[in-house]
Structures are given as C-alpha cells and as structure tokens.
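Colleague: Quick one: the structure is below, and I'll ask about it shortly.
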Amino acid sequence: MDRHSGRCYRRRVDFRNAPLTVLGIEASCDDTAAALVRHVPGAAPVILSNVVAGQDALHEGFGGVVPEIAARAHAEALDLTVEKALEGRGLRVVDAVAVTAGPGLIGGVVAGVMLAKGIAAGAGLPLVGVNHLAGHALTPRLTDGLSFPYLMLLVSGGHCQFLLVRGEGDHRRLGGTIDDAPGEAFDKTARLLGLPMPGGPAVEREAARGTPRIALPRPLLGREGCDLSFSGLKTAVLRARGDLAPDGALREGDRADLCASFQAAVTEVLAEKSRRALRAAGPVTAFAVAGGVAANGAIRAALEGVAAEAGTPFAAPPPPLCTDNGAMIAWAGIEALRQGRRDDLTLAARPRWPLDEAAAPMLGSGKRGAKA
Ligand code: KG4
Ligand code: ZN
C-alpha cells in the first residue's frame, strides 16, 4: 500500500534507490511528446526512447500557436505518441508515469494529465506531476551530469529566464523577460521580413550573409539586474524596415543586414545579462543554456564566451533535448521520485506555475502560453 495515495501498487519499488524506468509525457505547448528514461543509481541515465510529434503545420498561417487547435491535436496524438515511446515494450517495464502538469496552454496540459492518470490508474503505477520549466532546468543533469547548484538560462519561443538551480524543486529566479521571449522576437522579425517559419533558423541564415550595420536598441541594458525585454526590438525592426524600403520592396542585402543587426542586438543583451546573472548567482558548478534559441550559433558562442570569462564550465544540451520533449519530463519525474515526491489522481493541471513561487510574477504571457 502506498502511503501517499492509499492505493495498491503492482509491485513494491524503493523509489529513492532502485533502478527506475519512467514514462514522461509532455503536451503543454505545441509538441506532443513521450519518452522512456532509465536511471540506475550511480550510473548515467539512459534515454530509451524519445518521440516528439510537432504541430508546426497545423498552426502555419495563424501567426502563432492557436490554443484550441493545439489542444485538439494533443488529444489526438497523445495515445500514439506514448505507444511509440514504449516501442512495443508495454507498460511492464515502466515503474512510474511523469507528466507535465503546467505551466502552459491548459487544453494540452489537461489532455496530458488525463492520459497519465489513466495509464497510472489502469496499470497500477505511481504518478508524478512535473513543472515544465523544471523539466528544462533539470535537463543538464540528464545530459551532462551537472551537480547542484548551477545557473540556467532558458531561452525559447515561450521562455526566457535565469534560474539558479539549487536542487530538485529548489529554484531561484534571478530574472527573466518582462514581455516577449527571444524566440518570439526571432519569429516576429522573420514574419516582418518575409522569411519562413520557424523564424530563428531563417533569421540566423540571413544574418550570416549580412553586416550588423543598422542601429537597433539594446532593451533594458541600462537597467540594473537580469530582467530582459524583447518586444521593443521587433518594433525597431519594423521601423528600420520602413526606413530602408519606403516603397515596401526591401533589397536582399538590406534584409540580411537587418537580420544581422537584430541577431547582434539579441546576442549582446543575452550575453550582458548572463554576465550579471553569473555574478548574482554566486559560486556555481556551471552555466547551462537550453531552449530553441540556444541552437543559434552566434548566441551560443557568446554565452560560451561569458562562461569562459567567468571561469565557469558551460553546458548546452543537444538541440533535441533543449526544445520541448518527453525525456526531460521523465527525468524530472525520476528526480522527484528520488526525493520521495509523488502525486495521486487528484493531480491538477496548472496553466500558471512559477518555478520560484517566492519571485514576483513576470509580466506578459506570450502566444505560447504562460511564461510563469
Ligand atoms: O524550445 P522551443 O523549440 O519551443 C518553445 O518555444 O518552447 O523553441 C522554439 C523557438 C522558436 O521561436 C524558434 O524560432 C527559436 O526557438 N529558434 C531559434 C533558432 N532555432 C530555433 N532562434 C534563433 N536562432 C535559431 N537558430
Ligand atoms: Zn519549453
């Protein structure tokens, strides 16, 4: 009998010390994902499977993720995604189910939580609800074996924050965006300049051919602390585009220069704020970055440079584990179970769920859901 839920589990497992295989389910934004991760104490964790079904094609043409479409697509794709992640092994190999319980677009979060509850109840498995941001924040322990405490910068289309990760469930937010996430700014810039989605890689490709000669603002650089702002940059890009092409036809060279100038502005702001965050964090084992924007070569190199200046090791999980995925949720579930934490069938889906409950709420909640 389990003392947390009062339910009978199929078999007794010592969650703190036993080898664990956990099924992770993620459906909080626009990727339906499931994965199996196995961890034997004392050894490096192993990702047995990691399946992601994206929804880009469904949202194309709407200028962002449409919550209703996302929720329906998650509901349709979840079963199959989990089945693929199990790779014919069945649930026999699974010791627990971990699921993103927030923050995010509520329709998808609910769909994931309901499926996880169904599996847990049907197979007699323990259930653990995971904070999506904790999933990102703990990924460098899965991929690089980092020990606590480390500084984490999450930079994606939905997130932008500096977290001092001190332990499982113990995070301090040192700063974050007060409006858009950098990925949103890349996507909006791409749209303004007629480049394809996702905007980040398209802007990066253009930037490689251009010169950062156009003056653009460095938002909040003059303000103390580690908070960031990106919404003004896209307005500045719009104005610069108007100046360069009053008749509407932007020359290719100017477009490349505008992309290079935009990327340089984002890079400079992220680098300087990272410097400050490292100073504010105190002694850390590493500076880790994750999120789609961390795939940008110029940004990655600048952040690596900041870590080197500070004499701090740098860690950046491989891109498929930087972006939304089920393995990070399975791993965060394993970390929670090791700490003796788990949930029961009353687990609730939370649209907002700040990692650092003590920090003041961030402004804005972006097209990709709550930034918490
Ligand atoms: O982490 P992610 O896959 O999803 C979430 O937003 O949670 O990040 C996607 C974001 C998009 O906004 C995309 O344009 C941006 O990351 N991105 C990039 C690059 N690759 C993806 N931004 C800048 N440079 C890139 N190479
Ligand atoms: Zn994410």
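Colleague: Being within 16 Å of ligand 1 (Cβ to nearest atom) and part of a strand (DSSP E or B) is the filter; apply it to region 26-45 and report the residue that is surrounded by the fewest Cβ atoms within 10 Å (Cβ to Cβ).
Modeller: Once the filter is applied, the top-ranked residue is Asp31.
Colleague: If you don't mind, there's one more thing I want to ask. If I ask for residues that are more than 17 Å from Asp56 (Cα to Cα), among the hydrophobic types (A, V, I, L, M, F, W, C) and out of contact with any helix residue (DSSP H, G or I) (no Cβ under 6 Å at 6 or more places or on another chain), which ones from region 176-212 would you list?
Modeller: Result: Ile178, Ala181, Ala208.
Colleague: Looking at region 154-206 only, could you name the residues that are buried (at least 21 other Cβ atoms within 10 Å of the Cβ), touching a Lys or Arg at 6+ places or on another chain (Cβ under 9 Å) and among the aliphatic types (A, V, I, L, M)?
Modeller: Listed by number, the residues that qualify are Leu163, Leu164, Val165, Leu174, Ala181, Ala185, Leu193.
Colleague: Just wondering, is there one or more residues in region 39-51 that are at pLDDT 90 or above and at positive phi?
Modeller: yes
Colleague: I'm checking my understanding of the structure. Among residues of region 119-156 that are of a type in the set (Ser, Thr, Tyr) and within 16 Å of ligand 1 (Cβ to nearest atom), which one is nearest to the chain's Cα centre (by Cα)?
Modeller: Of everything passing the filter in region 119-156, Ser156 is nearest to the chain's Cα centre (by Cα).
Colleague: Checking the condition modelled with pLDDT of 95 or more and outside the structural domain of Gly222 (by TED's automatic domain parsing), which residue from Ala348, Ala281 passes?
Modeller: After applying the criteria, what remains is Ala348.
Colleague: Somewhere in region 97-119, is a residue away from ligand 2 (no atom under 16 Å from the Cβ), in the same structural domain as Val82 (by TED's automatic domain parsing) and free of Cβ contacts under 8 Å to residues at least 24 places away in the same chain?
Modeller: Yes, there is a match, as at least one residue in region 97-119 is away from ligand 2 (no atom under 16 Å from the Cβ), in the same structural domain as Val82 (by TED's automatic domain parsing) and free of Cβ contacts under 8 Å to residues at least 24 places away in the same chain.
Colleague: Answer yes or no: is there a residue in region 214-226 that is under 22 Å from the mean Cα position of the chain (by Cα) and either away from ligand 1 (no atom under 15 Å from the Cβ) or crowded, with 17+ Cβ neighbours inside 10 Å (or both).
Modeller: Step one: of region 214-226, the residues under 22 Å from the mean Cα position of the chain (by Cα) are 226.
Still in the list and also either away from ligand 1 (no atom under 15 Å from the Cβ) or crowded, with 17+ Cβ neighbours inside 10 Å (or both): 226.
So far as region 214-226 goes, yes, one or more of its residues are under 22 Å from the mean Cα position of the chain (by Cα) and either away from ligand 1 (no atom under 15 Å from the Cβ) or crowded, with 17+ Cβ neighbours inside 10 Å (or both).
Colleague: Looking at Glu224, Glu268, Glu252, Glu272, which is the one that is free of Cβ contacts under 8 Å to residues at least 60 places away in the same chain and over 19 Å from Gln161 (Cβ atoms)?
Modeller: On the way: Glu224 fails: over 19 Å from Gln161 (Cβ atoms); Glu268 fails: over 19 Å from Gln161 (Cβ atoms); Glu272 fails: over 19 Å from Gln161 (Cβ atoms).
One residue alone meets the criteria, Glu252.
Colleague: Condition first: more than 27 Å from Ala53 (Cα to Cα), at pLDDT 85 or above and not aliphatic (A, V, I, L, M). Can you find one or more residues in region 355-370 that meet it?
Modeller: No, region 355-370 contains no residue that is more than 27 Å from Ala53 (Cα to Cα), at pLDDT 85 or above and not aliphatic (A, V, I, L, M).
Colleague: Within 20 Å of Leu347 (Cβ to Cβ), in a strand (DSSP E or B), at pLDDT 95 or above and among the β-branched types (Val, Ile, Thr), is that true of Ile119?
Modeller: In short, no.
Colleague: Continuing with this model, one more query. Arg16 is checked against (1) without any contact (Cβ under 8 Å) to a residue 12 or more places away in the chain; (2) assigned to a loop (DSSP other than H, G, I, E, B) and fails just one. What number does that condition carry?
Modeller: For Arg16, the exception is condition (1).
Colleague: Is it the case that region 343-353 has a residue that's within 15 Å of ligand 2 (Cβ to nearest atom), within 21 Å of the chain's Cα centre (by Cα) and of a type in the set (A, V, I, L, M, F, W, C)?
Modeller: yes
Colleague: Does Arg209 satisfy the condition of being surrounded by fewer than 19 Cβ atoms within 10 Å (Cβ to Cβ), over 20 Å from Gly292 (Cβ atoms) and more than 16 Å from ligand 2 (Cβ to nearest atom)?
Modeller: Yes.
Colleague: Further question: Just the residues that are surrounded by 17 or more Cβ atoms within 10 Å (Cβ to Cβ) and assigned to a helix (DSSP H, G or I), please, taken from region 304-323.
Modeller: If the condition is that a residue be surrounded by 17 or more Cβ atoms within 10 Å (Cβ to Cβ) and assigned to a helix (DSSP H, G or I), then Val306, Ala307, Leu321, Cys322 are the ones that fit.
Colleague: Of all residues being within 15 Å of ligand 2 (Cβ to nearest atom) and hydroxyl-bearing (Ser, Thr, Tyr) in region 146-197, which is nearest to Leu228 (Cα to Cα)? Just the residue, please.
Modeller: Residue satisfying both the conditions and the ranking: Thr177.
Colleague: Let me ask something else. Among what's in region 225-253 and is part of a helix (DSSP H, G or I) and among the acidic types (Asp, Glu), pick the residue that is nearest to Ala277 (Cα to Cα).
Modeller: Out of the qualifying residues, it is Asp243.
Colleague: Shifting gears a bit: Taking the criterion of being in a helix (DSSP H, G or I) and within 16 Å of ligand 1 (Cβ to nearest atom), would at least one residue in region 82-104 satisfy it?
Modeller: No, every residue in region 82-104 fails to be in a helix (DSSP H, G or I) and within 16 Å of ligand 1 (Cβ to nearest atom).
The values are calculated or read from the model by the stated rules, or taken from the named source; none is laboratory data. Just so it is clear, the structure is predicted and the values come from calculations on it, not from any experiment. As a convention, Cβ positions derive from the backbone with ideal geometry for all residues, glycine included, and neighbour counts pool all protein chains shown.
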